[in-house]
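Participant: Below are the structure tokens for one structure; questions will follow.
The values are calculated or read from the model by the stated rules, or taken from the named source; none is laboratory data. Here the structure is a predicted model, which means the values were calculated and not measured. Heads up, the Cβs are rebuilt from the backbone with ideal geometry, glycines too, and the neighbour counts pull from every protein chain shown. Heavy atoms of the whole protein, side chains included, go into the accessibility calculation; ligands, DNA and RNA do not. Shrake-Rupley method; radii C 1.70, N 1.55, O 1.52, S 1.80 Å.
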Amino acid sequence: VFHNFSPRIDLWGTPCVVVSARSMASKTPVGFIGLGNMGSPMAKNLLKNGYPVIATDVFPESRKELQELGAQVVDSPAEVAEKADRIITMLPSSPNVIEVYTGPNGILKKVKKGTLLIDSSTIDPAVSKEMAVAAEKMGAVFMDAPVSGGVGAASMAKLTFMVGGVEEEYNAAQELLTCMGANVVYCGQVGTGQAAKICNNMLLAIGMIGTAETMNLGIRLGLDPKLLAKILNMSSGRCWSSDTYNPVPGVMEGVPSANNYQGGFGTTLMAKDLGLAQNTATNTKTPIPLGSLAHQIYRVMCSRGYANKDFSSVFQFLREEEGQ
């Protein structure tokens, strides 16, 4: 979709749209590394917006679908860096980010001076700062831009991006991020995007556990779950976990609880993010009693067969715990 256009009149007197050369020129290739549940729909939205995409992923099957949609696929992050001066990474954890940026076939082995590196993974803010320093030594700019919204929002380009980095580079990052998200928020220096994401996910986990406990208690007291959800959502207990992502099967359509907790945001990933919250809380001597308890609950769930289920499966876990 090109937004820079001027109406012209054709021979029949009908206005027609002519795409300006400037808008075409702006669509220089974008590198994308990490084509998982989140990365793949994000990269597709760049393609939909007219950006040529040069992509790679450690899993060949992840590359295939994007290649069929017109992306150029290469073998390593270093090759992506050779061909693109704007690169987005979407990776599972801190060690993956360190490997992709600084490993033997990493981005920084071949990065061009002036390249903009945007990392949308959720990792330790300290690692984001390390990557920024390493990138700066190579003449590149690193920004952290983790996301909120999940797979559904990634597909519909409705993610929220929380961006940390040099403010002068924010507009350049924003141009790309608005193709993949509805909200792009500048948070401050490198690492502040991660800080905002970690805080959000800690509250999300606490809220989801609270919603699951509440719904379970209400059901035990004989309340119809749909009725209880309706009452919560017009009362002071209302929250995102109750009104948008209810954890009780049969209450809402189009959410993981309606599909045996498949898809969505995995319990393993929530446990990882809560671990990041725990680490940063320890380092800053910040009390997070509920955050710590949520971390333990999701870790136990991972060891009880819920690792690959959506994090809202905490409702099912609580029902099991009580022997139902």
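Participant: Can you tell me which residues in the range 251-303 are charged (D, E, K, R) and over 21 Å from residue 92 (Cα atoms)?
Facilitator: Correct list: 253, 285.
Participant: Is it fair to say residue 312 is buried (at least 21 other Cβ atoms within 10 Å of the Cβ) and of a type in the set (Ser, Thr, Tyr)?
Facilitator: yes
Participant: Could you say which residue among 272, 230, 285 is basic (Lys, Arg), surrounded by 13 or more Cβ atoms within 10 Å (Cβ to Cβ) and within 20 Å of residue 195 (Cα to Cα)?
Facilitator: That would be 272, the only listed residue that is basic (Lys, Arg), surrounded by 13 or more Cβ atoms within 10 Å (Cβ to Cβ) and within 20 Å of residue 195 (Cα to Cα).
Participant: Would you confirm whether or not the range 236-257 contains a residue that is among the small types (Gly, Ala, Ser), in contact with an Asp or Glu (Cβ under 7 Å, 6 or more places away or on another chain) and open to solvent by less than 60 Å² (accessible area, probe 1.4 Å)?
Facilitator: Taking the range 236-257 as the starting set, the residues that turn out to be among the small types (Gly, Ala, Ser) are 236-237, 241-242, 250, 254, 257.
Okay, now just the ones that are also in contact with an Asp or Glu (Cβ under 7 Å, 6 or more places away or on another chain), so none.
Within the range 236-257, none of the residues are among the small types (Gly, Ala, Ser), in contact with an Asp or Glu (Cβ under 7 Å, 6 or more places away or on another chain) and open to solvent by less than 60 Å² (accessible area, probe 1.4 Å).
Participant: Follow-up. Out of the helices (runs of 4 or more DSSP H) lying entirely within the range 33-126, which hold 3 or more residues that are open to solvent by 10 Å² or more (accessible area, probe 1.4 Å), at pLDDT below 95 and farther than 29 Å from residue 201 by Cα?
Facilitator: Those helices (runs of 4 or more DSSP H) span 60-68.
Participant: In contact with a strand residue (DSSP E or B) (Cβ under 8 Å, 6 or more places away or on another chain) and without any contact (Cβ under 8 Å) to a residue 40 or more places away in the chain: which single residue out of 54, 88 fits that description?
Facilitator: Of 54, 88, the one residue that is in contact with a strand residue (DSSP E or B) (Cβ under 8 Å, 6 or more places away or on another chain) and without any contact (Cβ under 8 Å) to a residue 40 or more places away in the chain is 54.
Participant: Which residue, of 147, 133, is closer than 16 Å to residue 97 by Cβ and surrounded by fewer than 17 Cβ atoms within 10 Å (Cβ to Cβ)?
Facilitator: Of 147, 133, the one residue that is closer than 16 Å to residue 97 by Cβ and surrounded by fewer than 17 Cβ atoms within 10 Å (Cβ to Cβ) is 133.
Participant: Of all residues in the range 198-220, which are open to solvent by 80 Å² or more (accessible area, probe 1.4 Å), within 17 Å of residue 316 (Cα to Cα) and not basic (Lys, Arg)?
Facilitator: Keep residues of the range 198-220 that are open to solvent by 80 Å² or more (accessible area, probe 1.4 Å), which gives 199, 203, 213, 217, 220.
Right, trim to within 17 Å of residue 316 (Cα to Cα) and you get 213, 217, 220.
Within the range 198-220, 213, 217 meet the criteria.
Participant: It is to be established whether one or more residues within the range 303-316 are over 25 Å from residue 152 (Cβ atoms), more than 23 Å from the chain's Cα centre (by Cα) and not hydroxyl-bearing (Ser, Thr, Tyr).
Facilitator: Yes; the residues of the range 303-316 include at least one that is over 25 Å from residue 152 (Cβ atoms), more than 23 Å from the chain's Cα centre (by Cα) and not hydroxyl-bearing (Ser, Thr, Tyr).
Participant: Also, quick follow-up: With the range 141-248 as the region, which strands (runs of 3 or more DSSP E) entirely inside it contain at least 2 residues that are in contact (Cβ under 8 Å) with a residue 40 or more places away in the chain?
Facilitator: In the range 141-248, the matching strands (runs of 3 or more DSSP E) lie at 141-144, 159-164.
Participant: Suppose we filter 303, 241, 257 for residues that are closer than 14 Å to residue 204 by Cβ and not assigned by the TED database to the domain that holds residue 148; which single one remains?
Facilitator: 241
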